[in-house]
Amino acid sequence: MKRETYLVSFYVLYFGWLTVVTFFSPATILLNYFTGAIIIFYFLFLKEKWDLIIFSASSLLSFLTPSMTLNDWKTFSQLPIMEIPFWLPFAWGTTVIALRKLYTVIE
């Protein structure tokens, strides 16, 4: 397959996943599997040089952002980090990678 076909397939999966996350399914297990499949597809077929680092950094933002908004650092240890769904940090990473890929394609 040509690279453009992979790119179009990725965006169809990505926007399908985004629709499922946003509107259709509150089922966390379904979102975990769907997000994992999109990440595997991307890193198998479309990975570029800095994608893993950018993906990891943007995924960590979902953990760091709530801690930056706290006024009292004593409550940092009381954050419900273990209650964050598995798909949420990966959603941040996938979105940043998808936007970066879109920017490089348009540029």
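The values are calculated or read from the model by the stated rules, or taken from the named source; none is laboratory data. Predicted model only: the values in this text are computed from it and were never measured. When we count neighbours, we look across all protein chains shown, and the Cβ atoms used for this are built from the backbone with ideal geometry, even at glycine. To get the accessible areas, we keep the full protein, side chains included, count just its heavy atoms, and leave off ligands, DNA and RNA. Shrake-Rupley method; radii C 1.70, N 1.55, O 1.52, S 1.80 Å.
General remarks:
- Scaled against the 2.2 N^0.38 Å expected of a compact globular protein of N residues, the Cα radius of gyration of region 15-61 reads 1.27.
- Cleavage-rule hits, trypsin sites (Lys or Arg not before Pro), region 1-54, DSSP coil, Cβ neighbours within 10 Å at most 13: Lys2, Lys47, Lys49
- For Trp50, the solvent-accessible surface with a 1.4 Å probe is about 130 Å², rounded to the nearest 10.
- Region 1-37 and region 44-66: distance between their alpha carbon centers, rounded to Å: 17 Å
- For Leu52, solvent-accessible area (1.4 Å; no DNA, RNA or ligand), Å²: 100 Å²
- Heavy-atom accessible surface of region 1-41: percent carbon and sulfur, 1.4 Å: 75 percent
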